[in-house]
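The values are calculated or read from the model by the stated rules, or taken from the named source; none is laboratory data. These figures come from a predicted structure and were not determined experimentally. In this analysis, Cβ positions are derived from the backbone assuming ideal geometry, glycine residues included, and neighbour counts consider all displayed protein chains.
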Amino acid sequence: MWSGFPLFPEQASTTAGQVDALYFFLIALTAFFSLLIAALVFGFAVRYRRRSPDDRPPAIYGSLALELTWTLIPLVIVGVIFFWSADLYVTLSQVPKNAIEVNVVGKRWMWKLQHMTGQREINELHVPVGVPVKLSLTSEDVIHSFFVPAFRMKKDAVPGRYTTAWFQATKPGRYHLFCAEYCGTRHSNMIGTIVVLEPAAFQAWLAGGASGGSLASAGEKLFQDLACVTCHKADSGARGPNLVGVFGRPVALQDGSTVTADETYIRESIVAPSAKVVAGYQPIMPTFQGLVSEEQLLQLVAYVRTLKGTEVPPVPAAAAPAAAPATGTR
Ligand code: CUA
């Protein structure tokens, strides 16, 4: 009912209604007493006005009943406010057990978000409707504050520590994300969008379908564009190791040690190729640090996974089947 009025954004989370109820209670209470006192000030001023120059009011000797009334009624009122607020505070701080997790890093002047399943986003967060989402927040520089009015949720992102918040969206849509802590010149530009999707649409988004093609197919294109393919070929004379079938297998290194070719190793091999050189090869690969984004690294890793020969979902198990309810089992 308030969505057309900008002071009252729509309620789009399970706790928004509870926060608003307390808020409106406080507003109503304040308005009631403000009007009552204003009316009494005016009414008494008229009723007890000085009627003649020698007009003197009668002396007052106290009233126990009056003292008790104006002590006990406010006590009850502040008691209600206290217990109502405390109960709501506990609700807002206790993260539901089945929450999916998202890491939030504030940085002048952007929000960097990463899903547990690996997806990274900037100034945009995709979440499923009807599933609690736990946010773990921190900052790279100064204090920022993650504020989503439609969810009635605000939490500071503080450098050097993790803060936690959660929400459960109740309807699909796009909602404003603001930075609510002044953090420098472009503070007002540190804004974003929370995109709430139906569970099936969210699974499709997780699988990379929302942005045209899977992570792996994007990675395959990158593999060509960055000319990785010119060295990492199947023939024995290739300058780089053949990557087919390498994922998940142990790899013998130049220094005699062995490493398993997991996501971490492949990512490291792209950004810091000389860190772990495969036995029998020269450390001639240039670093791609700064040339590929974290998103592109994920795509390349996903592509290398598919080179295993078997069909590998581009994201880990929890996100795979579209039919499964999005309960966030990770
Ligand atoms: Cu970040 Cu204001």
- request: Could you pull out every one of the strands (runs of 3 or more DSSP E) wholly within segment 77-137 that has 3 or more residues that are out of contact with any Asp or Glu (no Cβ under 9 Å at 6 or more places or on another chain)?
  value: 100-107, 124-128
- prompt: For segment 142-169, what are the residues that are surrounded by 19 or more Cβ atoms within 10 Å (Cβ to Cβ), away from the ligand (no atom under 16 Å from the Cβ) and not in a strand (DSSP E or B)?
  reply: A150, F151, R152
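Quick one: would you say V271 is assigned by TED's automatic domain parsing to the domain that holds A227 and either within 23 Å of V292 (Cα to Cα) or in contact with a Lys or Arg (Cβ under 7 Å, 6 or more places away or on another chain) (or both)?
On the way: assigned by TED's automatic domain parsing to the domain that holds A227: yes; either within 23 Å of V292 (Cα to Cα) or in contact with a Lys or Arg (Cβ under 7 Å, 6 or more places away or on another chain) (or both): yes.
Criteria met by V271.
From the residues in segment 105-141 that are among the polar types (S, T, N, Q) and away from the ligand (no atom under 11 Å from the Cβ), which one is surrounded by the most Cβ atoms within 10 Å (Cβ to Cβ)? Give the derivation first.
Filtering segment 105-141 down to residues among the polar types (S, T, N, Q) leaves 114, 117, 119, 123, 136, 138-139.
Next, from what is left, pick out any that are away from the ligand (no atom under 11 Å from the Cβ): 114, 117, 119, 123, 136, 138.
Details: Q114: 18, T117: 19, Q119: 21, N123: 15, S136: 18, T138: 17.
Applying the filter and picking the extreme gives Q119.
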- prompt: Does G62 count as at positive phi and not aliphatic (A, V, I, L, M)?
  reply: yes
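When you scan segment 95-120, how many residues do you find that are charged (D, E, K, R) and either over 28 Å from V301 (Cα atoms) or modelled with pLDDT of 85 or more (or both)?
If we filter segment 95-120 for residues that are charged (D, E, K, R), which is where we start, we get 97, 101, 107-108, 112, 120.
Next, from what is left, pick out any that are either over 28 Å from V301 (Cα atoms) or modelled with pLDDT of 85 or more (or both): 97, 107-108, 112.
Result for segment 95-120: 4.
If you scan segment 182-205, which residues turn out to be part of a loop (DSSP other than H, G, I, E, B) and under 14 Å from G130 (Cα atoms)? Steps first, answer last, please.
So in segment 182-205, the residues part of a loop (DSSP other than H, G, I, E, B) come out as 182-186, 190-191, 198.
Within segment 182-205, just E198 meets the criteria.
Quick check on segment 171-186: of everything there that is over 15 Å from K154 (Cβ atoms) and among the small types (G, A, S), which residue is nearest to the ligand (Cβ to nearest atom)? Can you show your working first?
Let us first name the residues in segment 171-186 that are over 15 Å from K154 (Cβ atoms), namely 171-174, 184-186.
Next cut, among the small types (G, A, S) only: 173, 184.
Working: G173: 24, G184: 7 Å.
Ranking the qualifying residues of segment 171-186, first place goes to G184.
Look through L297, L253 and report the one residue that is within 24 Å of A207 (Cβ to Cβ) and in contact with a Lys or Arg (Cβ under 6 Å, 6 or more places away or on another chain).
On the way: L253 fails: within 24 Å of A207 (Cβ to Cβ).
Just one listed residue meets the conditions, L297.
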- prompt: From the list E263, E294, which residue is surrounded by fewer than 16 Cβ atoms within 10 Å (Cβ to Cβ), at pLDDT below 85 and within 22 Å of Q224 (Cβ to Cβ)?
  reply: E294
Checklist (1) within 16 Å of the ligand (Cβ to nearest atom); (2) buried (at least 19 other Cβ atoms within 10 Å of the Cβ) applied to N189, failing item: (2)
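Kindly establish whether L68 is within 23 Å of A16 (Cβ to Cβ) and in a helix (DSSP H, G or I).
Details: within 23 Å of A16 (Cβ to Cβ): no; in a helix (DSSP H, G or I): yes.
Considered against the rule, which asks whether it is within 23 Å of A16 (Cβ to Cβ) and in a helix (DSSP H, G or I), L68 comes out as no.
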